[in-house]
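Below: the structure, in structure tokens.
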Amino acid sequence: MTLRPEVQASGEHGRDVLRLDRVNLSFSGLHVLRDVALTLKAGEVLALIGPNGAGKSALLNCIGGIYRPSPGSEIRLRDTRIDALPPHRIARLGIGRTFQGLKLMRERTVLDNILLGWTPRFSLGTLGSLAFALRTQREEREARARAHEVADLCGLADVLGVRCADLPLGVLRRVDLARALLGEPQVLLLDEPASGLSHDERPLIGEMVRVARSRKGLSVLWIEHDLDLVLSEAQRAVVLHHGTVVAVGDPAQPDGRAQLLDGYRTGAPVARH
């Protein structure tokens, strides 16, 4: 199975799609995030790097609505403020997510799991589905058609009927990606997709990032520990250390790479040039 990225252009490329200002998070007096500020542009792959415990997953949880940041924090998706919204509202507005600990229904098929990604897009609730059966059937047909398209893109066309419990971790990472892409998000949060993969499987992560980039200007915020992957796949990177942004840079540029590596190694704020 191979992933088939097909890069598409976007007229909005380069515009801010996600903005975080003064994002703070504390648990029982423990400061997890401290005045985090960053922007993500349309069509951009922004890597979030830092040591274990730096607050990377906590930041994604704030963006996705799982954690409520401290008062005074502000997170905007385009012009909509989302820091006080519940996860299902944020997903409906256009933020998709994969998880470090796979949250898949292991006893269900690959197709069933991918279709879960369409849930925020259904226009009718349980009662509405009963009252408007034809509309519900039309939406279900659309969801299944799109699920097959995304499965093909992610190299899953041959295993759609297989239970997730019978598949290896590398394939399950693809299922998680396909589920997140099915809802056609504007922003995709990738939470350590390389976690648990063997050395031989790690090239899959670069493929996953490139597939995500192929989706009509989709923006990607990507937690990653492998600096070689970041240097080869990300357009910008942010270093978090003890919940604080200590460096931001372009890994393709020598100065930017040096700033990122210094911030990662020392945990001290690095002056921007």
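Which of the residues belonging to the range 66-99 are closer than 23 Å to MET208 by Cβ and either part of a loop (DSSP other than H, G, I, E, B) or polar (S, T, N, Q) (or both)?
Of everything in the range 66-99, those that are closer than 23 Å to MET208 by Cβ and either part of a loop (DSSP other than H, G, I, E, B) or polar (S, T, N, Q) (or both) turn out to be ILE66, GLY94, THR98, PHE99.
Just wondering, is there one or more residues in the range 183-197 that are more than 15 Å from the chain's Cα centre (by Cα) and at pLDDT below 85?
Looking through the range 183-197, at least one residue is more than 15 Å from the chain's Cα centre (by Cα) and at pLDDT below 85.
In the range 240-262, which residue that is hydrophobic (A, V, I, L, M, F, W, C) and surrounded by 20 or more Cβ atoms within 10 Å (Cβ to Cβ) is modelled with the lowest pLDDT?
Out of the qualifying residues, it is LEU260.
Residue-by-condition table, conditions (1) surrounded by fewer than 22 Cβ atoms within 10 Å (Cβ to Cβ); (2) hydroxyl-bearing (Ser, Thr, Tyr); (3) assigned to a helix (DSSP H, G or I):
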| site | (1), (2), (3) |
| --- | --- |
| LEU172 | yes, no, yes |
| LEU177 | no, no, yes |
| SER195 | yes, yes, no |
| ASP200 | yes, no, yes |
| GLU207 | yes, no, yes |
| ARG215 | no, no, no |
| LEU221 | no, no, no |
| SER232 | yes, yes, yes |
| VAL238 | no, no, no |
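Yes/no per residue for (1) among the hydrophobic types (A, V, I, L, M, F, W, C); (2) under 30 Å from LEU25 (Cα atoms):
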| residue | (1), (2) |
| --- | --- |
| ALA147 | yes, no |
| ARG174 | no, no |
| ALA212 | yes, yes |
| ASP226 | no, yes |
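Checking MET105 against (1) within 16 Å of the chain's Cα centre (by Cα); (2) among the hydrophobic types (A, V, I, L, M, F, W, C); (3) closer than 20 Å to LEU160 by Cβ; (4) surrounded by fewer than 16 Cβ atoms within 10 Å (Cβ to Cβ), which test does it fail?
Of everything listed in (1) within 16 Å of the chain's Cα centre (by Cα); (2) among the hydrophobic types (A, V, I, L, M, F, W, C); (3) closer than 20 Å to LEU160 by Cβ; (4) surrounded by fewer than 16 Cβ atoms within 10 Å (Cβ to Cβ), MET105 misses just condition (1).
Return the residues of the range 46-69 that are farther than 22 Å from VAL239 by Cβ and in contact (Cβ under 8 Å) with a residue 24 or more places away in the chain; say none if nothing qualifies.
GLY65
Conditions (1) small (Gly, Ala, Ser); (2) farther than 22 Å from GLN186 by Cα, marked per residue:
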{"residue": "LEU20", "(1), (2)": "no, no"}
{"residue": "GLY29", "(1), (2)": "yes, yes"}
{"residue": "ALA37", "(1), (2)": "yes, no"}
{"residue": "ALA42", "(1), (2)": "yes, no"}
{"residue": "ALA47", "(1), (2)": "yes, no"}
{"residue": "PRO51", "(1), (2)": "no, yes"}
{"residue": "ALA54", "(1), (2)": "yes, yes"}
{"residue": "ARG68", "(1), (2)": "no, no"}
{"residue": "THR80", "(1), (2)": "no, no"}
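The values are calculated or read from the model by the stated rules, or taken from the named source; none is laboratory data. Being a predicted model, the structure only gives us computed values, none of them experimental. As a convention, Cβ positions derive from the backbone with ideal geometry for all residues, glycine included, and neighbour counts pool all protein chains shown.
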